[in-house]
Ligand SMILES: *Cc1c(COP(=O)(O)O)cnc(C)c1O
């Protein structure tokens, strides 16, 4: 067999490749520089869908064709890079992150373990997070895809710590674990119960008060009732910033109850916990530092480009016992590439993992916590502004107090009620999205459909919110007229 004259999968013509790469970088930068322009969301057109509905290719594309197909995707994001994206909880990303992604991709590091740069960058990020949230020196952490996976990791440690680590091999068998979260808690918590074999039904949903915060008397009652039934309560999940309204559970009280009852205290701080960076809000999030585990995202309110989240564990030893097994081929060493222990693989379910840490490091190092906190604060001020505008206008009705960065309200100016009013508000949101004007989302509060405006967007400015309200009112009147 003769030697293949090609250069493996590397370019045969590096100067042509450089040219293509530079042009593509410029296209990406243009897209980012023009984040404010044009439509918020542009549906993926039929011809683009067709371009991504092709049979498995035997032969590869030319460099020019591949590059053209990549560039053609740029207009079709979800819209979260636009200043009038207000849906769900999406971060808006930064151009600066592109630089870190280029370097990470060029290094192509596998951050599951071994002794190399990515491992030390991730440790730096975890140490910063420990400091940010007031976790002790010995606390451990792991960068993951997002809060959903962070929650699975955290609750696995909590589960194994409660039942004894032998269940890692023996399985759950006769365990009857139960846990507690508010009725407003994110679905990822019940899903983690499901994934961990505890069962989503074993997550008790505790009612909330008028501010959508967990009712701690009801929590105490639920724990007592479960103990009386011979069940095994093991975790209280507090939310710092709920998805529906931005409410934060009374974390200090939850930490106290967990301590008194010998339960694990987990905090879902996906976006809200970062509001700790806002002067004046520290007290609300102070007790995050008492959590046994914390799950949160970098890709929401810290605007790291998707995806990146984090789990922090107060007790490194428990964390490691829940995940560590080092078969022969992953054995630790004092020297050489197998040094640099402990490895990330000992703290989570993944062995091979990308270099997410670099873009997180770059975001925090590049902007600093003060600057990042100012953007968070700006969003809170904007939410309050929107809430005040809505409250002062008879055509709107505020649906929940503005606790942080989310404003839920309804357009009531068309004189509709009940199911017709629900349908109208849902229709308004869909039209705003389809017209490319803005992208809020909807939720239900007190059984009623509402327009939900979430502000985790560093590009949003007050005129964007004024425009949003004006458009809602005019679309609302038009839509009501059509259905009347
Ligand atoms: C977004 C969110 C989650 C899930 O986080 P992902 O990063 O999407 O996995 C969990 N909890 C809350 C409160 C959230 O806002």
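Each reported figure results from applying straightforward, stated rules to the coordinates on display, with no laboratory input. Since we're looking at a predicted model, the values are computed, not measured. Quick reminder, even Gly has a Cβ in these numbers, built from the backbone with ideal geometry, and neighbours come from all protein chains shown.
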Check: Along the three principal axes, how long is the range 217-265 when you take its alpha carbons, biggest first, rounded to the nearest angstrom?
Finding: 35, 19, 16
Next item on the list: Can you run the Rg to Rh ratio on the range 180-225? Use alpha carbon positions and the Kirkwood inverse-distance Rh.
Entry: 1.01
Item checked: Gyration tensor verdict on the range 72-204 (Cα atoms; rounded if a/c is under 1.5, prolate if a/b is larger than b/c, oblate otherwise) -> oblate
Margin query: Could you work out [θ]222 nm for the chain from helices alone, using -39500 (n - 2.57) per DSSP H run of at least four and dividing by all its residues? Round to the nearest 500 deg cm²/dmol.
Written below: -14000 deg cm²/dmol
Checklist line | Quotient of C-alpha Rg and 2.2 N^0.38 Å, computed over the range 84-135 | finding: 1.50
Item checked: Shape metrics for the range 133-264, restricted to C-alpha atoms - Rg then Dmax, Å -> 14.6, 44
Check: Using only Cα atoms, what is the ratio of the radius of gyration of the range 285-336 to 2.2 N^0.38 Å?
Finding: 1.60
Note to self: Could you tell me the relative contact order of the range 415-480? Use alpha-carbon pairs under 8 Å, at least six residues apart, and round to a whole percent.
What the structure shows: 36 percent
Note to self: So for each of 323-331, 74-82 I average, over its residues, the number of other beta carbons within 10 Å; can you give me the resulting order with the highest mean first?
What the structure shows: 74-82, 323-331
Item checked: Contact order relative to length of the chain, as percent, for alpha carbon pairs under 8 angstrom and 6 or more apart -> 21 percent
Notebook entry, point to check: In nm, to one decimal, how far is the residue 341 label point from the residue 482 one, both placed 7 Å along Cα→Cβ?
Noted result: 6.5 nm
Notebook entry, point to check: Where a ≥ b ≥ c are the square roots of the eigenvalues of the C-alpha gyration tensor, would you call the range 1-82 rounded, which needs a/c under 1.5, or, failing that, prolate if a/b is larger than b/c, or oblate?
Noted result: oblate
Next item on the list: Please give, to one decimal in nm, the separation of the simple spin-label points placed at residue 307 and residue 252, each 7 Å out from Cα toward the Cβ.
Entry: 3.6 nm
Margin query: Looking only at the chain, where both bridge partners belong to it, what percent of the DSSP beta bridges are antiparallel (to the nearest 5)?
Written below: 55 percent
Notebook entry, point to check: When a footprinting reagent is the concern and you count Cβ atoms within 10 Å, what order do 347, 306 take, fewest first?
Noted result: 306, 347
Checklist line | Theoretical FRET efficiency, 1/(1+(r/R0)^6), r = Cβ-Cβ of residue 210 and residue 315, R0 45 Å, to 0.05 | finding: 0.80
Next item on the list: Take the alpha carbon gyration tensor of the range 377-437, find the square roots of its eigenvalues, order them as a ≥ b ≥ c, and report rounded if a/c is under 1.5; if not, report prolate when a/b exceeds b/c, else oblate.
Entry: oblate
Margin query: Report the Rg/Rh value for the range 219-323, based on alpha-carbon coordinates and the Kirkwood definition of Rh.
Written below: 1.01
Next item on the list: Subtract the Cα-Cα distance of residue 53 and residue 200 from 0.36 nm times their separation in residues, and report this length gain in nm to one decimal.
Entry: 49.3 nm
Next item on the list: Using a 10 Å cut-off on Cβ atoms, rank the peptides 462-475, 136-149, 25-38 from the highest mean neighbour count down.
Entry: 136-149, 462-475, 25-38
Checklist line | Net length gained if the chain between residue 170 and residue 423 were fully extended (0.36 nm per residue, minus Cα distance) | finding: 86.0 nm
Notebook entry, point to check: Can you list, bin by bin at 20 Å, the percent of alpha carbon pairs in the chain, starting at 0?
Noted result: 21, 50, 26, 2, 0
Next item on the list: Determine, for each peptide in 368-375, 402-409, the mean count of other beta carbons within 10 angstrom over its residues, then list the peptides with the highest first.
Entry: 402-409, 368-375
Next item on the list: Give me the Debye-computed log₁₀ of I(q)/I(0) at q = 0.09, 0.10, 0.17, 0.18 Å⁻¹ for the range 336-484, equal point scatterers on Cα only, no solvent, two decimals.
Entry: -0.43, -0.49, -0.93, -1.00
Item checked: Length gained when the stretch residue 128-residue 444 is fully extended (0.36 nm per residue, less Cα-Cα span) -> 110.1 nm
